[in-house]
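These notes concern the structure reproduced below.
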Amino acid sequence: METSRHWRLRQQRYALVGEVCPSCELKIFPPRDICPDCGNEARTIFQFSGRGEVYSHTTVYQAPAGHTENSPYPLAIVRLEEGPLVTAQLTDLADKPVEIGMPVEMVTRKLRSDGERGILVYGYKFRPRLARAEQS
Amino acid sequence: MTERADSRSSRGPGLPGQPNGWSPVLVAGIGMTPVGEHWDVSLRNLALDAISAALEDAGGLRPDALYVANMLAPALSGQSHLGALLADFAGLRGIEATTVEAAGASGGVAARQAYLAVASGAVEVALVLGVEKVTDKDSGQVEAALATASDADYEAIQGVTAGAQAALLMRRYFHEHRAPQDALAGFSLVAHQNAVSNPNAMFRKAISLEQYSNAPMVSDPLNTYDAAPMADGAAALILARAATLLPPDGRPAVEIAGSAVATAAMAVHDLPDPLGLPAGAASAQAALERAASQVEQVDLFELHDRFSIFAALSLEAAGFAERGAGWLLAKQAEIALDGRIPICTYGGSKARGEPGAATGIYQLAEAVSQLQGRAGKNQVAGASIALVQCLGGSGATAATHVLRRMANGT
Ligand SMILES: [Zn+2]
């Protein structure tokens, strides 16, 4: 069963919970417990803001099994405000053209329906940052 | 803890050079099957065709060990345990055999395992086989199986495909280096041109810039001519110590002069520098060092053009171009058979076809054929040193080999 696998990742999928390295202060997402920069242990929880900007983007026309019903869909690598890059789908674009550098914010959406039993997997996507959110 | 950090940074990119007592390793035979959609041939029969061809080419050497490069058989054929299966099926029942998996770099990594075994003297004659059977499943299943080479929890779950990752890198590359929309077209054009005279190639037809520019998008800005077609294929090599080889038949011997594998962050978003191809750079540097060769001495470069952007990144990482200038080599005068640094001399993945884990073995076999002067219309004149590199995922694994033609009679 894949349910427990997705459940284990709920903090990351729903809330972008990562880590910060106590030695060099690198902000780490996804969490990996050993700092990729200095090699020291990094288990201190860090809550990312969910704000960032588009580092690169594309559209997936030939989707893998499990994602075909949403195809085509926009996909991006987002540079989080705190430093890390994260791969995620873009959402709520309406007719807004995507550009490198576009400010985005994290939202929770359905990622895929898993297998024939139809387990729905939810997680982060990114949408254009709303003016209201930018002021706060 | 600081101590550990220090030792990490001083360790350098690769393993130390060859220990004393190691012998030179020669490629004693090569075998390749046509790459394509082989509806009528099974995985084991594809493998057998390549093995038989390589054994015949090696003139009767019998292998003591089999290294199988394969990534997709468990997912697409419901078949693992290929070492025993294929040794048995090829009439080699009883020999040591195993499967090596490093996504698209499996072929190069398997060749390195065989090289290490033969160089150390633990194995006298090694058979390396790359085999992939992809056409039994529909494209969604193939994309999903290929996406297992990315981070399942943080990339594949987002609907990432191999093509989408290449597209993300390509757009960022164009952005950072101000490259025009058709900057990479030349890689595809030259690959197709080289495949015309390759009997094992899937697409034996030249294409025009106009065709490239009008091709449908796979994942913008990456179009169908930027992407290599996944297809069935098998290729094999026989490796042996120089002392083991049967009397020469007049062909120049080809030595594996340098062999290296390096890894980088598994997920593209975990790379501190996503366009840097660090594993490509580290393994190329280590392989050249072990061969005591300079990049300027290389006569041809079999790089892994599964997506055109990787041709640019590999050329930069190996030192053929400055950072950001790899796309400027996408021209006849630079990379064609008579160019400054010929690449993908039999059509590369783009036009020969991309048989996944077998790619690294095709590349090595093609390079051997160049160095032995057996490449016919694809011959790079006077080729004596070849650099061969294959990539797993978006470059998380890179295997690089330096092959060298030895002087006759030595
Ligand atoms: Zn650190």
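Looking only at the stretch A:27-60, which residues are small (Gly, Ala, Ser) and over 19 Å from B:Asp151 (Cβ atoms)? Explain how you work it out, then say what you get.
In the first step, residues of the stretch A:27-60 are kept if they are small (Gly, Ala, Ser); the result is A:39, A:42, A:49-50, A:52, A:56.
The answer is A:Gly39, A:Ser49, A:Gly50.
You will find that of B:Glu96, B:Glu101, the residue that is open to solvent by 50 Å² or more (accessible area, probe 1.4 Å), charged (D, E, K, R) and either assigned by TED's automatic domain parsing to the domain that holds B:Pro355 or over 21 Å from B:Ser349 (Cβ atoms) (or both) is B:Glu96 and no other. Counting only helices (runs of 4 or more DSSP H) that sit wholly inside the stretch B:292-410, those with at least 1 residues that are in contact with a helix residue (DSSP H, G or I) (Cβ under 6 Å, 6 or more places away or on another chain), under 25 Å from B:Val160 (Cα atoms) and at pLDDT 95 or above are B:308-318, B:359-371. Of the numbered criteria (1) open to solvent by 10 Å² or more (accessible area, probe 1.4 Å); (2) closer than 26 Å to B:Glu296 by Cβ; (3) not aliphatic (A, V, I, L, M), the one B:Gly376 fails is (2).
Looking across B:Ala267, B:Ala336, one residue alone is under 26 Å from B:Ala147 (Cβ atoms) and not charged (D, E, K, R). It is B:Ala267. If you go through the stretch B:130-165 one residue at a time, how many are in contact with a Phe, Trp or Tyr (Cβ under 9 Å, 6 or more places away or on another chain), more than 7 Å from every other protein chain (Cβ to nearest Cβ) and closer than 25 Å to A:Phe29 by Cβ? Selection size over the stretch B:130-165: 2. For the stretch B:49-66, residues that are surrounded by 24 or more Cβ atoms within 10 Å (Cβ to Cβ) and over 25 Å from B:Trp39 (Cα atoms) total 3.
Scanning the stretch A:2-30 for residues that are more than 11 Å from chain B (Cβ to nearest Cβ), open to solvent by less than 50 Å² (accessible area, probe 1.4 Å) and more than 16 Å from the ligand (Cβ to nearest atom) yields A:Ala15, A:Leu16, A:Val17.
From the list A:Ala76, A:Ala88, the lone residue that is of a type in the set (A, V, I, L, M), within 7 Å of chain B (Cβ to nearest Cβ), within 16 Å of B:Leu271 (Cα to Cα) and assigned to a strand (DSSP E or B) is A:Ala88.
For the stretch A:41-56, the criterion of a residue being near the ligand (Cβ under 9 Å from one of its atoms), outside any strand (DSSP E or B) and more than 8 Å from every other protein chain (Cβ to nearest Cβ) is satisfied by at least one position. Just checking, which of B:Arg340, B:Arg306 is open to solvent by 10 Å² or more (accessible area, probe 1.4 Å) and within 18 Å of B:Gly130 (Cβ to Cβ)? One residue alone meets the criteria, B:Arg306.
Kindly indicate the residue of the stretch B:266-279 that is more than 26 Å from B:Arg178 (Cβ to Cβ) and assigned to a loop (DSSP other than H, G, I, E, B) and also nearest to the other protein chains (Cβ to nearest Cβ) among those meeting that condition. It comes out as B:Ala267.
Kindly provide the set of residues from the stretch B:255-264 that are within 13 Å of chain A (Cβ to nearest Cβ) and either over 17 Å from B:Ser150 (Cα atoms) or assigned to a loop (DSSP other than H, G, I, E, B) (or both), ordered by number. Spell out the reasoning first.
Of the residues in the stretch B:255-264, the ones within 13 Å of chain A (Cβ to nearest Cβ) are B:263-264.
If the condition is that a residue be within 13 Å of chain A (Cβ to nearest Cβ) and either over 17 Å from B:Ser150 (Cα atoms) or assigned to a loop (DSSP other than H, G, I, E, B) (or both), then B:Ala264 is the only one that fits.
Just checking, does the stretch A:62-71 include any residue being more than 8 Å from chain B (Cβ to nearest Cβ), free of Cβ contacts under 8 Å to residues at least 60 places away in the same chain, within 18 Å of B:His269 (Cα to Cα) and open to solvent by 40 Å² or more (accessible area, probe 1.4 Å)? So far as the stretch A:62-71 goes, no, none of its residues is more than 8 Å from chain B (Cβ to nearest Cβ), free of Cβ contacts under 8 Å to residues at least 60 places away in the same chain, within 18 Å of B:His269 (Cα to Cα) and open to solvent by 40 Å² or more (accessible area, probe 1.4 Å). Of the residues making up the stretch A:98-111, those that are assigned to a loop (DSSP other than H, G, I, E, B) and either exposed (fewer than 15 other Cβ atoms within 10 Å of the Cβ) or modelled with pLDDT under 95 (or both) are A:Glu99, A:Gly101. Set side by side, the residues A:Asp37, A:Asp95 differ, and just one is within 14 Å of the ligand (Cβ to nearest atom) and not in a strand (DSSP E or B), which is A:Asp37. When the stretch A:112-136 is filtered for residues that are at pLDDT 90 or above and of a type outside the set (Gly, Ala, Ser), the ones remaining, listed by number, are A:Tyr122, A:Tyr124, A:Lys125, A:Phe126, A:Arg127, A:Pro128, A:Arg129. Among the residues of the stretch B:203-231, which ones are part of a loop (DSSP other than H, G, I, E, B) and acidic (Asp, Glu)? B:Asp220 - this is the single residue of the stretch B:203-231 that is part of a loop (DSSP other than H, G, I, E, B) and acidic (Asp, Glu). The residues of the stretch A:91-112 include none that are in contact with a Lys or Arg (Cβ under 6 Å, 6 or more places away or on another chain) and facing chain B (nearest Cβ under 10 Å).
So that you can scan it fast, the table gives a plain yes or no per residue for (1) touching a strand residue (DSSP E or B) at 6+ places or on another chain (Cβ under 6 Å); (2) over 14 Å from B:Gly233 (Cβ atoms):
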{"site": "B:Ala311", "(1), (2)": "no, yes"}
{"site": "B:Gly319", "(1), (2)": "no, yes"}
{"site": "B:Ala330", "(1), (2)": "no, yes"}
{"site": "B:Ala333", "(1), (2)": "no, yes"}
{"site": "B:Gly339", "(1), (2)": "no, yes"}
{"site": "B:Ile343", "(1), (2)": "yes, yes"}
{"site": "B:Arg352", "(1), (2)": "no, no"}
{"site": "B:Ile361", "(1), (2)": "yes, no"}
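Within the stretch B:242-268, can you find the residues that are of a type outside the set (A, V, I, L, M) and surrounded by fewer than 24 Cβ atoms within 10 Å (Cβ to Cβ)? Reasoning before the result, please.
First, pick out the residues of the stretch B:242-268 that are of a type outside the set (A, V, I, L, M): B:244, B:247-252, B:255, B:258-259, B:263.
Across the stretch B:242-268, the qualifying residues are B:Thr244, B:Pro247, B:Pro248, B:Asp249, B:Gly250, B:Arg251, B:Pro252, B:Glu255, B:Thr263.
The values are calculated or read from the model by the stated rules, or taken from the named source; none is laboratory data. All figures in this text were calculated on a predicted structure; none of them were measured in a lab. With ideal geometry, Cβ positions are generated from the backbone for all residues, glycine too; neighbour counts draw on all protein chains shown. To get the accessible areas, we keep the full protein, side chains included, count just its heavy atoms, and leave off ligands, DNA and RNA. Shrake-Rupley method; radii C 1.70, N 1.55, O 1.52, S 1.80 Å.
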